[in-house]
Structures are given as structure tokens and as C-alpha cells.
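*Asks:* The structure's right below; bear with me while I get my questions together.
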Amino acid sequence: MTSSLRVALADDHAEIRGVLARMVQYLGHRVICTAATGQELVEQCLATHPDLVITDVRMPDMDGLEAARIILELFPTPVIVLSAYYSRELVQRAAQSQILDYLLKPVSAAQLGPAIALARRRFEEMRALRREADSLRRSLADQDAVERARQVLTEQLGLDETKARARLEQWAVRQDRDLVQAARAFLATEELLRPGAHQEGL
């Protein structure tokens with residue numbers, strides 16, 4: 001079961017905003033802000049950081065898809081868009097903006113409830129994948145730093161790979177740093193001492 005979420009709503013019709021708000025509350029969630037335009041939605045979301053955004057597509061000054069794109073760039077949150085009609089172009093824009101669901105009006109609680117639960121689950125899955133990808137990138141970057149430091153030691157001191165790594169590990173212990181920190185510090189020092197470095201703005 002989806003836990004209670006703090007929801008931002010946007011639609012340029014006050015009556016529809018009211019219907020959506022009552023529907024969201026009926027489903028066990030809390031409406032923390034409402035907006036009549038895309039610009040208002042962006043401003044409200046930046047101020048309140050909701051757990052979920054539900055927005056109409058067609059609104060004055062900035063449509064819901066553009067507002068969602070800006071919100072997603074500034075902080076990650078699941079977004080559901082609503083539209084009075086189907087448009088392949090709008091669906092493509094929604095997919096490119098990582099919108100998690102696209103519902104056609106009029107929306108019922110029977111449609112909105114599962115859409116909220118699915119959007120939240122998809123969002124958590126995407127966030128977990130991003131964390132895994134970030135962790136992998138950091139791991140590869142760390143390995144690259146250690147390998148580059150070892151190569152420098154091998155070239156400059158004529159050591160074999162095993163002795164070069166051992167030298168780096170010993171230096172890390174003396175510096176009270178882990179191996180990656182020691183490798184990065186060593187590479188920074190080696191770069192600064194390289195002939196001509198000052199001419200390259202280092």
C-alpha cells in the first residue's frame with residue numbers, strides 16, 4: 001500500500017482543482033499546494049518540495065509538461081500529467097521529460113489511485129538505478145585514479161606494478177588516507193610539479 005504523500009496539484013480550472021484535491025484526499029494523501037498556471041506550479045514546488053506532482057498539460061503562460069521538466073531538473077519527484085485529449089506529440093514530450101504517467105480526463109479515483117502507486121514505485125526504482133549508476137561511476141573513477149598513480153610511480157621510479165602499488169599503499173598509511181585519497185593527492189602533486197604546469201594555468 002502506498003504511504004500518504006504530499007501532493008502538488010495544477011489545473012487552470014478551479015473546479016477541476018477542487019475535484020482533484022478531494023480525490024487525492026479520499027485516496028489518503030495530502031494536498032500541500034495548488035496552482036492555476038505552470039509558472040505557479042514551479043514556484044509552489046520549489047517552495048514546498050512535494051512527494052508527487054499532478055498537473056494538467058494545457059495551462060496559461062507555461063504548460064504542465066514544461067513546468068514538470070523544470071521541476072524535475074531542479075529536484076527529482078514523480079510527476080503524473082493529465083490531458084483532455086490524446087496527442088502523440090504530448091506523450092512523446094512526457095516520455096522525454098521522464099513523466100511517470102499520462103492520464104486522460106475525466107479522471108476517476110479508480111484510475112488515479114493505481115497511477116499514484118505505480119508512479120511512486122517507478123520513481124523509487126529509477127532513483128535506485130541512478131544511485132547504482134552513480135556508485136559504479138565513482139568506483140570506476142576511484143580505480144582509475146589508483147591505476148594512474150601506479151603508472152606514474154612505475155614510469156618515474158622504474159618500479160614494477162606490484163612494488164609501485166605497495167609504495168602507494170605505504171604512502172597512504174603515512175598520510176593517514178585511504179588508497180584512493182592518497183592516489184588523488186599524489187596525482188595532484190605530480191601534476192603541479194610537471195614542467196610547464198604554471199603556463200597552463202595550473
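The values are calculated or read from the model by the stated rules, or taken from the named source; none is laboratory data. In this text the structure is predicted, and so the values were computed from the model without any measurement. Cβ sites come from the backbone with ideal geometry, for glycine too, and all protein chains shown count toward neighbours. SASA here: full protein model, heavy atoms, side chains in, ligands and nucleic acids out. Shrake-Rupley method; radii C 1.70, N 1.55, O 1.52, S 1.80 Å.
*Asks:* Tabulate in residue order the Karplus-calculated ³J(HN,Hα) for the stretch 22-30, using 6.51 cos²θ - 1.76 cosθ + 1.60 with θ = phi - 60°, rounded to whole Hz; enter x for Gly and Pro.
*Replies:* Result, ordered by residue: 5, 5, 4, 5, 4, 7, x, 10, 10 Hz.
*Asks:* Right, something else. Computing the accessible area with a 1.4 Å probe over protein heavy atoms, can you report the carbon and sulfur percentage for the stretch 13-119?
*Replies:* 54
*Asks:* For Arg137, Arg127, Arg58, Arg88, give me the order by solvent-accessible area with a 1.4 Å probe, most accessible first, ignoring ligands, DNA and RNA.
*Replies:* The ranking, largest first, comes out as Arg88, Arg137, Arg58, Arg127.
*Asks:* Using only the alpha-carbon atoms, how far is helix 179-193 inclined from the longest principal axis of the chain? Give it as 0 to 90 degrees, nearest 10.
*Replies:* Rounded to the nearest ten degrees, it is 70.
*Asks:* Kindly identify the stretch 1-54 as rounded, prolate or oblate by the Cα gyration tensor criterion: order the square roots of the eigenvalues as a ≥ b ≥ c, call it rounded if a/c is under 1.5, otherwise compare a/b with b/c, prolate if a/b is larger, else oblate.
*Replies:* Cα axes put the stretch 1-54 in the oblate bin.
*Asks:* Shifting gears a bit: Return the calculated 222 nm mean residue ellipticity for the chain, to the nearest 500 deg cm²/dmol, obtained by summing -39500 (n - 2.57) across DSSP H runs with n ≥ 4 and dividing by the residue count.
*Replies:* Rounded to the nearest 500, it is -20500 deg cm²/dmol.
*Asks:* OK, next. Please get the size of the charge dipole for the chain, origin at its Cα centre, with Cβ charges of +1 on Lys and Arg and -1 on Asp and Glu, quoted in debye to the nearest 20.
*Replies:* The dipole magnitude comes to about 520 debye.
*Asks:* Over the chain, what is the relative contact order in whole percent, taking alpha-carbon pairs under 8 Å and six or more residues apart?
*Replies:* Dividing the mean separation by the residue count of the chain yields 13 percent.
*Asks:* If you take the square roots of the eigenvalues of the alpha-carbon gyration tensor of the stretch 19-121 and sort them as a ≥ b ≥ c, do you get rounded (a/c under 1.5), prolate (a/b over b/c) or oblate?
*Replies:* It comes out rounded by the Cα gyration axes.
*Asks:* Hey, what's the chain come to in accessible area per residue, 1.4 Å probe, Å²?
*Replies:* 58
*Asks:* Okay, next question. So how do Thr34, Thr162, Thr48 rank on accessible area, 1.4 Å probe, biggest first, that is with the largest at the start?
*Replies:* Order by accessible area, largest first: Thr162, Thr34, Thr48.
*Asks:* Here is a further query. In degrees between 0 and 90, to the nearest 10, how far off the longest principal axis of the chain does helix 64-74 point, with axes built from Cα atoms?
*Replies:* Value to nearest ten degrees: 30.
*Asks:* Testing the spin-label approximation: label points 7 Å from Cα along Cα→Cβ at Gln96 and Arg58. State their distance in nm.
*Replies:* That separation, rounded to one decimal, is 2.1 nm.
*Asks:* Okay, moving on. For Glu15 and Thr48, FRET efficiency with R0 = 35 Å and r from the beta-carbon atoms, rounded to 0.05?
*Replies:* About 0.95, to the nearest 0.05.
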